[in-house]
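The values are calculated or read from the model by the stated rules, or taken from the named source; none is laboratory data. All values derive from a computational prediction rather than experimental measurement. Note that we place each Cβ from the backbone using ideal geometry, even for glycine, and neighbour counts take in every protein chain shown. What goes into the accessible areas is simple: the full protein's heavy atoms, side chains included, and nothing from ligands, DNA or RNA. Shrake-Rupley method; radii C 1.70, N 1.55, O 1.52, S 1.80 Å.
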Amino acid sequence: MLELTLDNLTKRYGAKAAVNGITCTLNHGIYGLLGANGSGKTTLLRMVCGILEATEGTVRYGGSAIGKLGADYRRILGYLPQDFGYYPEFTARRFLLYLAALKAIPKDEAERKVEELLEMVELTSCQGKKIKTFSGGMVRRLGIAQALLNDPEILILDEPTAGLDPKERIRFRNIVSSLSRERIVILSTHIVSDVEYIADEILLMKEGELLAMGDIGQMLERARGRVWERTVSPEETERYQAYFNVSSLRNTEKGVRLRIVSDECPMEGARPADPDLEDVYLYYFREN
């Protein structure tokens, strides 16, 4: 069984801890790593990839430290960084074949794999076009294809839908969902909807620390009894937004329906509501 263990993983820059003592064990499935920009997600992923050395703690795969595994670990790892680099003058096909050669994949196998991946990410019809002509969504799909060239057991995706329109984000999520069987997939994002429907487990990260971890049901339970709804007049809306953590508001015929995240009933007449993942996110990342 696949097993990736993070044991007291810490990265400090001077007195500041970008990642502080994260401990968890991941098996096969999709893990949604949620956190605001600057929460330490990228630093954590770079340590998991072995690109960045930890100040303290270890990353183990199958019980062995990844530093000792060396090239054996890199062979089972696929990585799509937030800033995905590519050669704009290359065609999609040439780019993937070039990376396959760098990964020492035999030519016949590389040809077959590239064809398979281009079809999977729906770029077959564009394989002869230069990458500089691609949309942002097409580039991200090419990025996931390159991360899969070596058929990795661990797939790490850092903010993979940043800058994509809703249609491309849905398409990307569907591709990721299809890849999760017999793999560990870590998808880092600050966009709740990117992981709400596909993640087997959610990890919430804030200021370098792991605040909570669990499946969607467990995460929703943590916010149960802390989400409230109340319809107020349009004139009252701004005042309530200033005092409470409002996760959403909707104009109705009777007024403005506020959805508020609070440990206690925020106002007279507010009624409990079933939480969703955005409510959980706001509960953990609220500022007051």
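Taking the condition open to solvent by 10 Å² or more (accessible area, probe 1.4 Å) and in contact with a helix residue (DSSP H, G or I) (Cβ under 9 Å, 6 or more places away or on another chain), does Arg46 pass? It is false that Arg46 is open to solvent by 10 Å² or more (accessible area, probe 1.4 Å) and in contact with a helix residue (DSSP H, G or I) (Cβ under 9 Å, 6 or more places away or on another chain). Residues in the stretch 93-102 that are among the basic types (Lys, Arg) and open to solvent by 80 Å² or more (accessible area, probe 1.4 Å): Arg94 alone.
None of Arg74, Arg46, Arg94 is within 30 Å of Gly137 (Cβ to Cβ) and modelled with pLDDT under 95 except Arg74.
The selection criterion, being over 30 Å from Val19 (Cβ atoms) and of a type outside the set (Val, Ile, Thr), does not hold for Glu221.
Selection of the stretch 124-161 for residues being part of a helix (DSSP H, G or I), within 21 Å of Tyr73 (Cβ to Cβ) and under 16 Å from the mean Cα position of the chain (by Cα) yields Gly143, Ile144, Ala147. Taken over the stretch 66-88, residues that are within 27 Å of Gln127 (Cα to Cα), free of Cβ contacts under 8 Å to residues at least 24 places away in the same chain and open to solvent by 70 Å² or more (accessible area, probe 1.4 Å) amount to 1.
Assess whether Gly143 counts as being open to solvent by less than 50 Å² (accessible area, probe 1.4 Å), closer than 17 Å to Val176 by Cβ and either touching a Cys at 6+ places or on another chain (Cβ under 9 Å) or of a type outside the set (Val, Ile, Thr) (or both).
Numbers: open to solvent by less than 50 Å² (accessible area, probe 1.4 Å): yes; closer than 17 Å to Val176 by Cβ: yes; either touching a Cys at 6+ places or on another chain (Cβ under 9 Å) or of a type outside the set (Val, Ile, Thr) (or both): yes.
So Gly143 passes the test.
Which is small (Gly, Ala, Ser) and within 16 Å of Leu9 (Cβ to Cβ), of Gly57, Gly78?
Matching residue, one of Gly57, Gly78: Gly57.
Taking the stretch 129-176 as the range and being more than 26 Å from Ile51 (Cβ to Cβ) and hydroxyl-bearing (Ser, Thr, Tyr) as the test, the residues that pass are Thr133, Ser135.
Going by what's in this entry, would Glu111 be described as surrounded by fewer than 20 Cβ atoms within 10 Å (Cβ to Cβ) and out of contact with any helix residue (DSSP H, G or I) (no Cβ under 8 Å at 6 or more places or on another chain)? Walk me through it before giving the result.
Details: surrounded by fewer than 20 Cβ atoms within 10 Å (Cβ to Cβ): yes; out of contact with any helix residue (DSSP H, G or I) (no Cβ under 8 Å at 6 or more places or on another chain): no.
For Glu111, the condition - surrounded by fewer than 20 Cβ atoms within 10 Å (Cβ to Cβ) and out of contact with any helix residue (DSSP H, G or I) (no Cβ under 8 Å at 6 or more places or on another chain) - is not met.
Checking the structure you have, find out if any residue of the stretch 223-246 is touching a residue at least 40 places away in the same chain (Cβ under 8 Å) and of a type in the set (Asp, Glu). Taking every residue of the stretch 223-246 in turn, at least one turns out to be touching a residue at least 40 places away in the same chain (Cβ under 8 Å) and of a type in the set (Asp, Glu).
Just to be sure, is Arg46 within 27 Å of Asn8 (Cα to Cα) and without any contact (Cβ under 8 Å) to a residue 24 or more places away in the chain?
On the way: within 27 Å of Asn8 (Cα to Cα): yes; without any contact (Cβ under 8 Å) to a residue 24 or more places away in the chain: yes.
So Arg46 passes the test.
All of (1) modelled with pLDDT under 95; (2) buried (at least 16 other Cβ atoms within 10 Å of the Cβ); (3) small (Gly, Ala, Ser); (4) out of contact with any helix residue (DSSP H, G or I) (no Cβ under 8 Å at 6 or more places or on another chain) hold for Gly35 with one exception: (4). Scanning the stretch 106-123 for residues that are under 28 Å from the mean Cα position of the chain (by Cα) and either outside any helix (DSSP H, G or I) or not aliphatic (A, V, I, L, M) (or both) yields Lys113, Glu115, Glu116, Glu119, Val121, Glu122, Leu123.
A quick yes/no check of all residues on (1) over 18 Å from Leu211 (Cβ atoms); (2) touching a strand residue (DSSP E or B) at 6+ places or on another chain (Cβ under 6 Å); (3) acidic (Asp, Glu):
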site: Leu9; (1), (2), (3): no, yes, no
site: Val19; (1), (2), (3): no, yes, no
site: Gly32; (1), (2), (3): no, yes, no
site: Asn37; (1), (2), (3): no, no, no
site: Glu53; (1), (2), (3): yes, no, yes
